[in-house]
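J.: Take this structure first; my questions come after.
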Amino acid sequence: MIRRRATPDGLPFRVYERRGVRVYSIGYKMKSGVWAFRYECPIDDIVQIAKLRRKAIEESVNVDADVPTGGFAGLVKAWFKWQEELPASDLRKRAQSTMDANKPEAENLVKAFGHLEPDEITKAMGYDYLEACVQAGRPEKGNKEIALGRLILEFGIRKKMLVVNPFDKLTKNKTVKNKRLVTAVEMDLAVEVGRKFGGARHIVAMGLKTAWLCVRRSVEVRGIKRDGIREDGILWEDGKSKTKAKILIEWSPDLRETITEALSIKRNKVAGTMFVFGNMQGQRYTKGGWKSMLDDLMRECVKVAAERGIEFKRFSLQDCRPMGVSGKLERGDTDTKNATGHTSDKMISTVYDRRPVKRATPAG
């Protein structure tokens, strides 16, 4: 409970300051007793005390007006909270897999800009960030992080924390897109080695093959449940949007054999049976858990390939979707957009089409 001030000090309601022997502090305490924000500085720094006092008074208005406090770091936190509270049907809500990827990206942004107010961030700072990412050998990651920063700052504009978005129309870093195309020989070897070792590596190998045959994203393969297995095929939900139509991949002999084999892999005795490619405990694989098992499988594949004198490069679950799309385009399949769920030919051609040679008939 917050009591009435014993002595008027000129501060707004719920803003409290304390002048200790060594430290001055000031902050806003909410009804719950939790500090909405609190700032500190040495007690002998008169200039900083005046600055913090003025800042606390200004931000106390923001708390009452539902405006995020705590500068850019506070805005980032508020944006994630807003996303989490959006209903699943809201088109502004991002997929959980996207949010999981956004969290480490946001941490890097906070390290760079967290000490600033949103309206103190400039376009030049954005370019400095992009250049630093180039120097660190991560230009593409820098592009993604700045794109996320622009989105969060746009949320700040809606909250009246700034007027112009400094990250609008920044020229992004030039990058070389990975055009990795997994070969049939590499896929066959991964399946062979997975079967040899069994257990988790066998599960991962079957997941890789299913991702290729069904042209699916990694998040979709890791999350497919056994109730998605139907008489007429496998019913997939879009991993990026719950509002898109589900996709039925009809059975082929190879796909049916692959799924039957995956379902027959023995888990631990107490394991559940919900996920087709669940771990040995029957739970859904996390990205880290899947990566660990995939690394084990790929390491063994490299050894076997070296012994046999055949070419083999490590590949991931994400590389299997381009393999599937490229194969369908090479065969001349007309249902590639239906299979991927994309409505844009441009996305398919620029991102997933990895064919080294594109065939065509003569004009005459």
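The values are calculated or read from the model by the stated rules, or taken from the named source; none is laboratory data. Model, not experiment: these values are computed from the prediction. Counting neighbours? That spans all protein chains shown, and the Cβs are built from the backbone with ideal geometry, glycine included.
J.: Is there a residue being assigned to a loop (DSSP other than H, G, I, E, B), surrounded by fewer than 16 Cβ atoms within 10 Å (Cβ to Cβ) and free of Cβ contacts under 8 Å to residues at least 40 places away in the same chain anywhere in the stretch 287-306?
T.: no
J.: Let me ask something additional. Quick one: would you say residue 341 is in the same structural domain as residue 201 (by TED's automatic domain parsing) and in contact with a strand residue (DSSP E or B) (Cβ under 6 Å, 6 or more places away or on another chain)?
T.: yes
J.: Just to verify a result, which residue in the stretch 14-30, among those that are assigned to a loop (DSSP other than H, G, I, E, B) and free of Cβ contacts under 8 Å to residues at least 24 places away in the same chain, is farthest from residue 55 (Cα to Cα)?
T.: 21
J.: Test residue 37 against the criterion of being under 30 Å from residue 284 (Cα atoms) and among the aromatic types (Phe, Trp, Tyr), and give yes or no.
T.: It is false that residue 37 is under 30 Å from residue 284 (Cα atoms) and among the aromatic types (Phe, Trp, Tyr).
J.: Across the stretch 157-208, what is the total count of residues that are polar (S, T, N, Q) and either closer than 25 Å to residue 358 by Cα or in contact with a Phe, Trp or Tyr (Cβ under 6 Å, 6 or more places away or on another chain) (or both)?
T.: 3
J.: Further question on the same structure: Which one of these is without any contact (Cβ under 8 Å) to a residue 12 or more places away in the chain, over 29 Å from residue 242 (Cβ atoms) and surrounded by 13 or more Cβ atoms within 10 Å (Cβ to Cβ): 154, 131?
T.: Testing whether each residue is without any contact (Cβ under 8 Å) to a residue 12 or more places away in the chain, over 29 Å from residue 242 (Cβ atoms) and surrounded by 13 or more Cβ atoms within 10 Å (Cβ to Cβ) leaves just 131.
J.: Does the stretch 263-274 contain at least one residue that is under 28 Å from residue 99 (Cβ atoms), in contact with a strand residue (DSSP E or B) (Cβ under 7 Å, 6 or more places away or on another chain) and not assigned by TED's automatic domain parsing to the domain that holds residue 99?
T.: Looking for residues that are under 28 Å from residue 99 (Cβ atoms), in contact with a strand residue (DSSP E or B) (Cβ under 7 Å, 6 or more places away or on another chain) and not assigned by TED's automatic domain parsing to the domain that holds residue 99, one finds at least one in the stretch 263-274, hence yes.
J.: Give the number of residues within the stretch 192-216 that are surrounded by 19 or more Cβ atoms within 10 Å (Cβ to Cβ) and either part of a helix (DSSP H, G or I) or among the polar types (S, T, N, Q) (or both).
T.: Total satisfying the criteria: 16.
J.: Among the candidates 21, 34, which residue alone is surrounded by fewer than 15 Cβ atoms within 10 Å (Cβ to Cβ) and over 33 Å from the mean Cα position of the chain (by Cα)?
T.: 21
J.: Only residues that are surrounded by fewer than 16 Cβ atoms within 10 Å (Cβ to Cβ) and over 26 Å from residue 149 (Cβ atoms): list them for the stretch 52-75, please.
T.: Selection gives 54, 57, 64.
J.: If only one of 111, 144 is touching a helix residue (DSSP H, G or I) at 6+ places or on another chain (Cβ under 8 Å) and outside the structural domain of residue 27 (by TED's automatic domain parsing), which one is it?
T.: 144
J.: Let me ask something else. Of all residues in the stretch 217-236, how many are part of a loop (DSSP other than H, G, I, E, B) and buried (at least 17 other Cβ atoms within 10 Å of the Cβ)?
T.: Qualifying residue count for the region: 2.
J.: Got at least one residue in the stretch 319-340 being more than 26 Å from residue 184 (Cβ to Cβ) and assigned to a loop (DSSP other than H, G, I, E, B)?
T.: no
J.: Of the residues that make up the stretch 79-92, is at least one under 20 Å from residue 142 (Cα atoms) and in a helix (DSSP H, G or I)?
T.: Yes, the stretch 79-92 contains a residue that is under 20 Å from residue 142 (Cα atoms) and in a helix (DSSP H, G or I).
J.: Would you mention how many residues in the stretch 108-137 are hydrophobic (A, V, I, L, M, F, W, C), within 23 Å of the chain's Cα centre (by Cα) and part of a helix (DSSP H, G or I)?
T.: Adding up the residues that qualify gives 8.
J.: Only one of these conditions is not met by residue 140: (1) modelled with pLDDT under 95; (2) touching an Asp or Glu at 6+ places or on another chain (Cβ under 9 Å); (3) not in a loop (DSSP other than H, G, I, E, B). Which number is it?
T.: (2)
J.: While we're on this one: When the residues of the stretch 93-128 are filtered to those that are out of contact with any Phe, Trp or Tyr (no Cβ under 9 Å at 6 or more places or on another chain) and closer than 18 Å to residue 239 by Cβ, which remaining residue is surrounded by the most Cβ atoms within 10 Å (Cβ to Cβ)?
T.: 93
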